[in-house]
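Each remark here refers to the structure printed beneath this line.
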Amino acid sequence: MKNNGIYAGILAVLLIFGANFATNADDFGDVMKFIEAGDKHFNNKQYDKAITSYTTAISKLPTNAGGKIDKVLSLIYAQRGTCYNIKEDYVKALTDYNNAIKLDSTNVDGYQGRYKIIVRMVIATAETAPNDAKEYVNLALSDIEMVLKLNPKDADAKKFKEILSPYK
């Protein structure tokens, strides 16, 4: 995952789909301020502060709105999930990655974050619970295949697919 921040990605979504999603211009400005602050904290490796900023941005957007708002929320959830992943809070990371994918089934970062956690689970359980490991392999491979469908040249996905081959 490329995690230089999501501010530019959000701006691109808004330029493509239009910025008229918030109840007023102040709401839009607030959301963007929190996203930008989250990206700054992320880039400075201040993950707790980044999580707080992304959480506030999420709380300022309407839920179940569909369309452009879901794409924006998906990007924020994936980025917050990456913060949790770095902090090794895998349950919260998986929850955020799942939310990102649910909101936008084309969010590559959501799939990448999720399969990387699942691969850790495969490696951790391969010897002690081989049946569980095989189930995790299938989940990870499904996410990897989705990433390769969305981005056929993704080197990480190819590498992780290779890592999983002995566990099939």
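Would you check if Asp156 is surrounded by 14 or more Cβ atoms within 10 Å (Cβ to Cβ) and within 11 Å of the chain's Cα centre (by Cα)? Let's see the steps before the verdict.
Working: surrounded by 14 or more Cβ atoms within 10 Å (Cβ to Cβ): yes; within 11 Å of the chain's Cα centre (by Cα): no.
In short, no.
A quick yes/no check of all residues on (1) among the charged types (D, E, K, R); (2) buried (at least 16 other Cβ atoms within 10 Å of the Cβ):
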residue	(1), (2)
Thr52	no, yes
Ser59	no, no
Gly66	no, no
Ser74	no, yes
Arg80	yes, yes
Lys87	yes, no
Ala93	no, yes
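Collect the residues in segment 64-112 that are charged (D, E, K, R) and more than 18 Å from Val31 (Cβ to Cβ), keeping them in residue-number order.
Narrowing segment 64-112 to residues charged (D, E, K, R): 68, 70-71, 80, 87-89, 92, 96, 102, 104, 109.
Passing the criteria: Lys87, Glu88, Asp89, Lys92, Lys102, Asp109.
Name, by its number, the condition in (1) more than 27 Å from Lys168 (Cα to Cα); (2) in a helix (DSSP H, G or I) that does not hold for Asn64.
(2)
Determine if segment 88-102 includes at least one residue that is closer than 19 Å to Leu150 by Cβ, of a type in the set (Ser, Thr, Tyr), at pLDDT 95 or above and not in a helix (DSSP H, G or I).
Among the residues of segment 88-102, not one is closer than 19 Å to Leu150 by Cβ, of a type in the set (Ser, Thr, Tyr), at pLDDT 95 or above and not in a helix (DSSP H, G or I), which makes the answer no.
This table checks each residue for (1) among the polar types (S, T, N, Q); (2) over 16 Å from the mean Cα position of the chain (by Cα).
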position: Ala65; (1), (2): no, yes
position: Cys83; (1), (2): no, no
position: Ala124; (1), (2): no, yes
position: Asn131; (1), (2): yes, yes
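For segment 107-138, which residues satisfy the criterion of being of a type outside the set (Val, Ile, Thr), in a helix (DSSP H, G or I) and surrounded by 17 or more Cβ atoms within 10 Å (Cβ to Cβ)? Walk me through it before giving the result.
Of segment 107-138, the ones of a type outside the set (Val, Ile, Thr) are 107, 109-116, 120-121, 124, 126-127, 129-136, 138.
Next, from what is left, pick out any that are in a helix (DSSP H, G or I): 109-116, 120-121, 124, 130-136, 138.
Residues satisfying the conditions are Asp109, Gly110, Tyr111, Gln112, Gly113, Arg114, Tyr115, Lys116, Met121, Ala133, Tyr136.
Going through Ser165, Ser105, Ser142 one at a time, which residue ends up being closer than 15 Å to Ser74 by Cβ and either at pLDDT 95 or above or not assigned by TED's automatic domain parsing to the domain that holds Lys68 (or both)? Reasoning before the result, please.
Working: Ser165 fails: closer than 15 Å to Ser74 by Cβ; Ser142 fails: closer than 15 Å to Ser74 by Cβ.
Only one candidate qualifies: Ser105.
The values are calculated or read from the model by the stated rules, or taken from the named source; none is laboratory data. Note that the coordinates shown come from a computational prediction; the quantities given were computed from them, not determined experimentally. A quick note on method: Cβ atoms are made from the backbone with ideal geometry, for glycine too, and the neighbour counts reach across all protein chains shown.
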